[in-house]
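S.K.: Let me begin by handing over the structure; questions about it come next.
The values are calculated or read from the model by the stated rules, or taken from the named source; none is laboratory data. What you see is a predicted model, and the numbers here were worked out from it, not measured in a lab. Please note: Cβ atoms are built from the backbone with ideal geometry, for glycine as well, and neighbour counts cover all protein chains shown. What goes into the accessible areas is simple: the full protein's heavy atoms, side chains included, and nothing from ligands, DNA or RNA. Shrake-Rupley method; radii C 1.70, N 1.55, O 1.52, S 1.80 Å.
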Amino acid sequence: MADRDPHEIIARIAEGVATVPKADWDACAGIANPFVSHDFLSALEDSGSVGPGTGWQSVPIVVDGPDGRIAAALPAYVKSHSKGEYVFDHAWADAYMRAGGRYYPKLQIASPFSPVPGPRLLMRDAALAPALLAAAEMVVGQNGLSSAHATFVEQAQLPLFEAAGWLIREDSQFHWTNRDYASFDDFLADLSSRKRKDIRKERAAAVAGLDIIHLTGAEITEAHWDIFWEFYQDTGSRKWGRPYLTRSCFSLLGERMAGRLLLILALKAGKPIAGALNMIGADTLYGRYWGCVEDVPFLHFELCYYQAIDIAIALGLKNVEAGAQGGHKLARGYGPVPTYSAHYIADAAFRSAVEDFLAREREAAAQERGWLAERTPFRKG
């Protein structure tokens with residue numbers, strides 16, 4: 001048998017992220033963003049949050065390096081629906097199916113259930129980007145899929161998708177930026193007088209009669225996960241109809257990512273009534289899940305937004321990302337920023353229609369961000 005050409009690039013589909021050696025995957029993913037880590041993605045698989053019956057079939061695309069280790073990877077999933085993505089293509093699916101096409105299944109390159117910008121091309125060698133995207137296109141073609149979608153792509157990777165001819169979609173989120181603040185009061189000093197007073201009143205009202213505690217690492221026990229699961233189920237059933245994550249997923253995250261988790265609980269007479277779960281990145285605090293069993297005015301804002309700012313300042317983090325949507329974040333110091341996704345459409349006619357739509361949507365999104373940026377609570381001038 002002839003030896004393999006050392007310049008030959010071979011991509012393959014692994015049977016899930018959990019089957020890929022953790023050290024190899026993380027060498028490609030890096031350490032900055034926890035949502036593309038082996039720990040997070042394998043916990044989703046091992047807990048049954050993705051996999052049979054969920055509409056998310058894990059099909060990570062990997063490229064093996066000449067040293068026998070994974071040199072590049074895509075966190076990819078075959079999807080039979082568009083739930084849990086936070087980039088809404090329902091109108092695309094409806095239009096394609098009305099035209100006689102079959103939109104599902106499709107290929108999704110993402111961190112499931114996580115509207116968090118980050119790398120989607122995970123690489124030890126950046127020169128492998130074209131091979132990864134070509135492999136994704138081949139998976140679409142060879143398996144009769146309609147399309148491939150990379151959602152919440154970090155801005156630095158957009159040129160790689162554009163060079164491959166993928167269509168770029170633009171949306172917005174609200175993020176908080178640390179301007180070298182030494183304290184929450186320093187942050188408030190940047191706001192208009194009226195907004196400072198509003199936030200102080202909100203915070204005081206939210207915590208009246210309550211104790212707020214922060215837990216991380218080994219401090220988070222199974223009893224805490226039981227409590228938070230109750231909170232999460234309430235929020236999930238109201239937002240999505242069925243919570244995306246299973247109970248065991250929280251236990252696995254606690255086992256595998258304890259040092260990157262921060263759980264905030266509000267206690268009333270010693271009993272938890274609300275909580276917010278955050279993940280800690282290299283320079284960003286990511287607010288992910290929130291829930292409560294008792295409604296308290298402004299408590300959501302306190303646990304998810306203001307406490308997150310306090311923590312980011314204490315840890316010296318540059319940003320707080322508090323999830324998708326939520327114009328109410330604007331008044332609380334979270335400014336509008338663009339988010340991006342990239343799309344490969346196999347059908348030429350459908351691609352042309354989507355491309356025209358995206359051009360108009362991008363212009364509208366940019367105009368809206370400009371309008372919102374003029375209405376932040378920060379002092380003018």
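S.K.: Below 15 angstrom from the Cβ of Cys28, what's the summed charge of the other residues (Lys, Arg +1; Asp, Glu -1)?
M.R.: Values: positive: Arg12, Lys22, Arg69, Arg120, Arg124; negative: Asp24, Asp26, Asp39, Asp64, Asp67, Asp125, Glu154.
Computed value for this residue: -2.
S.K.: Moving on to the next point. Taking 51 Å as R0, compute the FRET efficiency from the Cβ-Cβ separation of Asp180 and Glu294 and round it to 0.05.
M.R.: Details: r = 37 Å, r/R0 = 0.72.
Plugging the Cβ-Cβ distance into 1/(1 + (r/R0)^6) gives 0.85.
S.K.: Would you mind putting 183-194, 141-152 in packing order, based on average other-beta-carbon counts within 10 Å, highest first?
M.R.: Details: 183-194: 14.1, 141-152: 19.4.
Top of the packing list down: 141-152, 183-194.
S.K.: Here's a follow-up. What share of all Cα pairs of the range 213-316, in percent, falls into each consecutive 10 Å distance bin?
M.R.: Pairs per bin, as whole percents: 15, 50, 32, 3.
S.K.: Within the chain, what whole-number % of the accessible surface is contributed by carbon and sulfur, with the 1.4 Å probe and all protein chains included in the calculation? Walk me through the numbers on the way to the answer.
M.R.: Details: 8940 of 16680 Å².
For the chain, the apolar C and S fraction of the accessible surface comes to 54 percent.
S.K.: Turning to a different aspect of this structure: First measure r as the distance between the Cβ atoms of Arg98 and Ala205, then evaluate 1/(1 + (r/R0)^6) with R0 = 35 Å and state the FRET efficiency to the nearest 0.05.
M.R.: Numbers: r = 49 Å, r/R0 = 1.41.
It comes out at approximately 0.10.
S.K.: Also, I was wondering about something else. Among rounded, prolate and oblate, which fits the range 111-204 when a ≥ b ≥ c are the square roots of the eigenvalues of its C-alpha gyration tensor, a/c under 1.5 means rounded, and a/b larger than b/c means prolate?
M.R.: Details: a/c = 3.85, a/b = 2.76, b/c = 1.39.
Since a/c reaches 1.5 and a/b is larger than b/c, the shape of the range 111-204 is classed as prolate.
S.K.: Any chance you could check the Cα centroid distance between the range 301-372 and the range 24-77 for me, in angstrom?
M.R.: Distance between centres, Cα-based: 24 Å.
S.K.: Using the Cα gyration tensor of the range 269-362, with a ≥ b ≥ c the square roots of its eigenvalues, what is the shape: rounded (a/c below 1.5), prolate (a/b larger than b/c) or oblate (neither)? If you can, show how the numbers build up before the last one.
M.R.: Working: a/c = 2.73, a/b = 2.17, b/c = 1.26.
The shape class here is prolate.
S.K.: Apply the a/c threshold of 1.5 to the C-alpha gyration tensor of the range 324-381 and tell me whether it is rounded, prolate or oblate. Write out the running numbers ahead of the final one.
M.R.: Values: a/c = 4.40, a/b = 2.77, b/c = 1.59.
Prolate.
S.K.: For percent of Cα pairs over 31 Å apart, one of [x] 53; [y] 48; [z] 40 was computed from the structure I shared and the rest are decoys. Which label?
M.R.: Given [x] 53; [y] 48; [z] 40, the calculated one carries the label [z].
S.K.: Summing Lys, Arg as +1 and Asp, Glu as -1, what charge do residues with Cβ under 14 Å from the Cβ of Pro52 carry, Pro52 excluded? Could the numbers behind the result be given before it?
M.R.: Values: positive: Lys79; negative: Glu15, Glu45, Asp46.
It works out to a net charge of -2.
S.K.: So, one more: With point charges of +1 on the Cβ of Lys and Arg and -1 on the Cβ of Asp and Glu, referenced to the Cα centre of the chain, which listed residue (Ser49, Gly327, Val116) lies farthest in the positive direction of the dipole?
M.R.: Gly327
S.K.: Sticking with this one: If you count, for each residue, the other Cβ atoms within 10 Å and average over each peptide, how do 225-233, 117-125 line up from highest to lowest? Each step should come with its number before you reach the end.
M.R.: On the way: 225-233: 19.0, 117-125: 22.0.
Highest to lowest by the protection proxy: 117-125, 225-233.
S.K.: Quick one: net charge around Ala148, please, counting Lys, Arg +1 and Asp, Glu -1 for every other residue with C-beta under 9 Å from its C-beta.
M.R.: Numbers: positive: Lys106; negative: Glu137.
So the surrounding residues net to 0.
S.K.: For Lys22 and Asp67, calculate 0.36 nm times their separation in residues minus their Cα-Cα distance, and state this gained length in nm to one decimal. Working shown, then result.
M.R.: Numbers: separation 45, 0.36 × 45 = 16.20 nm, distance 1.60 nm.
Fully extending the segment from Lys22 to Asp67 adds 14.6 nm.
S.K.: So which lysines pass the test for Lys106, namely a Cα distance under 30 Å, with those fewer than 8 places away in the same chain ruled out?
M.R.: Lys22, Lys79, Lys83, Lys239
S.K.: Using the structure shown, list the pairs from Lys195/Lys329; Lys197/Lys380; Lys201/Lys318; Lys195/Lys380; Lys329/Lys380 with a Cα-Cα distance above 23 Å, or answer none.
M.R.: Working: Lys195/Lys329 13 Å; Lys197/Lys380 17 Å; Lys201/Lys318 26 Å; Lys195/Lys380 13 Å; Lys329/Lys380 18 Å.
Pairs exceeding the cut-off: Lys201/Lys318.
S.K.: Can I ask one more? I'm a student and want to see the number: the projected area of the Cα convex hull of the range 152-255, averaged over all directions, in nm². Mind showing how you got there, number by number?
M.R.: Working: hull surface 46.4 nm².
The directionally averaged projection comes out at 11.6 nm².
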